[in-house]
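Have a look at the structure below before the remarks.
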């Protein structure tokens, strides 16, 4: 299946620019010193934007350009997960946070802002205020079962 791109015409992908090592795009906020890890499938680097009060988190991206989670080949998706785990362990060892969160966004409605797949790996501290949304009420088990069946069918 082919997915619709959300990148504007003439999009200068900052992560492809970083992967190339050429840094051709003036709009790219990535710097060579941001790079933590790179192999033939993925790279991990410090994000140019942070989340207060503890800035500094990691992005794990494919080297090749895939905009969305839906497009990732299995080998790339698996490698992203392995490197995400490795980055979480590195964050625990280096910064000693109380925990680590990962998150990933797809399409504008999913809060994606860079049109190249990327997985956030974030250090977390008790009471850091990172999520301000209150917990939602428990969803009825019948609704959950229906939704699970819908997803099983879709697989």
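Got at least one residue in segment 66-73 being without any contact (Cβ under 8 Å) to a residue 24 or more places away in the chain, surrounded by 16 or more Cβ atoms within 10 Å (Cβ to Cβ) and under 17 Å from residue 102 (Cα atoms)? Break it down stepwise before answering.
Residues of segment 66-73 without any contact (Cβ under 8 Å) to a residue 24 or more places away in the chain: 73.
Then drop every residue that is not surrounded by 16 or more Cβ atoms within 10 Å (Cβ to Cβ), which leaves none.
For segment 66-73, residues without any contact (Cβ under 8 Å) to a residue 24 or more places away in the chain, surrounded by 16 or more Cβ atoms within 10 Å (Cβ to Cβ) and under 17 Å from residue 102 (Cα atoms): absent.
Are there any pairs with C-beta distances below 9 angstrom linking a residue in segment 13-24 that is within 17 Å of residue 37 (Cβ to Cβ) to a residue that is loosely packed, with under 11 Cβ neighbours inside 10 Å, with the two at least 6 apart or on different chains, and if so which?
Correct list of pairs: 18/32; 21/32.
If I go through segment 95-104 residue by residue, how many of them are surrounded by 14 or more Cβ atoms within 10 Å (Cβ to Cβ) and assigned to a loop (DSSP other than H, G, I, E, B)? Steps first, answer last, please.
Keep residues of segment 95-104 that are surrounded by 14 or more Cβ atoms within 10 Å (Cβ to Cβ), which gives 97, 100-102, 104.
After this cut, where a residue has to be assigned to a loop (DSSP other than H, G, I, E, B) as well, the list is 97.
Residues that pass the stated criteria total 1.
Out of 54, 106, I need the residue that is at pLDDT below 90 and under 29 Å from residue 17 (Cα atoms). Which one?
Working: 106 fails: at pLDDT below 90.
Of the residues listed, the single one that is at pLDDT below 90 and under 29 Å from residue 17 (Cα atoms) is 54.
Working only within segment 105-127, note down all residues that are under 12 Å from residue 58 (Cα atoms) and either free of Cβ contacts under 8 Å to residues at least 60 places away in the same chain or not in a loop (DSSP other than H, G, I, E, B) (or both). Walk me through it before giving the result.
In the first step, residues of segment 105-127 are kept if they are under 12 Å from residue 58 (Cα atoms); the result is 118-123.
119, 120, 121, 122, 123 - these are the residues of segment 105-127 that are under 12 Å from residue 58 (Cα atoms) and either free of Cβ contacts under 8 Å to residues at least 60 places away in the same chain or not in a loop (DSSP other than H, G, I, E, B) (or both).
So if I check each of 147, 92, which one is at pLDDT 90 or above, more than 30 Å from residue 8 (Cα to Cα) and either touching a helix residue (DSSP H, G or I) at 6+ places or on another chain (Cβ under 7 Å) or surrounded by 10 or more Cβ atoms within 10 Å (Cβ to Cβ) (or both)? Before the answer, list the steps.
Values: 147 fails: at pLDDT 90 or above.
Sole residue among the options that is at pLDDT 90 or above, more than 30 Å from residue 8 (Cα to Cα) and either touching a helix residue (DSSP H, G or I) at 6+ places or on another chain (Cβ under 7 Å) or surrounded by 10 or more Cβ atoms within 10 Å (Cβ to Cβ) (or both): 92.
Kindly establish whether residue 37 is farther than 11 Å from residue 118 by Cβ, in a strand (DSSP E or B) and at pLDDT 90 or above.
Working: farther than 11 Å from residue 118 by Cβ: yes; in a strand (DSSP E or B): yes; at pLDDT 90 or above: yes.
Considered against the rule, which asks whether it is farther than 11 Å from residue 118 by Cβ, in a strand (DSSP E or B) and at pLDDT 90 or above, residue 37 comes out as yes.
Looking at segment 6-31, which of its residues are outside any loop (DSSP other than H, G, I, E, B) and touching a helix residue (DSSP H, G or I) at 6+ places or on another chain (Cβ under 8 Å)?
The one that is outside any loop (DSSP other than H, G, I, E, B) and touching a helix residue (DSSP H, G or I) at 6+ places or on another chain (Cβ under 8 Å): 18.
Inside segment 46-68, can you point out the residues that are over 14 Å from residue 122 (Cβ atoms) and in contact with a strand residue (DSSP E or B) (Cβ under 8 Å, 6 or more places away or on another chain)?
Looking only at segment 46-68, we keep the residues that are over 14 Å from residue 122 (Cβ atoms), and these are 48, 61-68.
Residues satisfying the conditions are 61, 62, 63.
The values are calculated or read from the model by the stated rules, or taken from the named source; none is laboratory data. Fair warning: this is a prediction, and the values are worked out from it, not measured in the lab. Please note: Cβ atoms are built from the backbone with ideal geometry, for glycine as well, and neighbour counts cover all protein chains shown.
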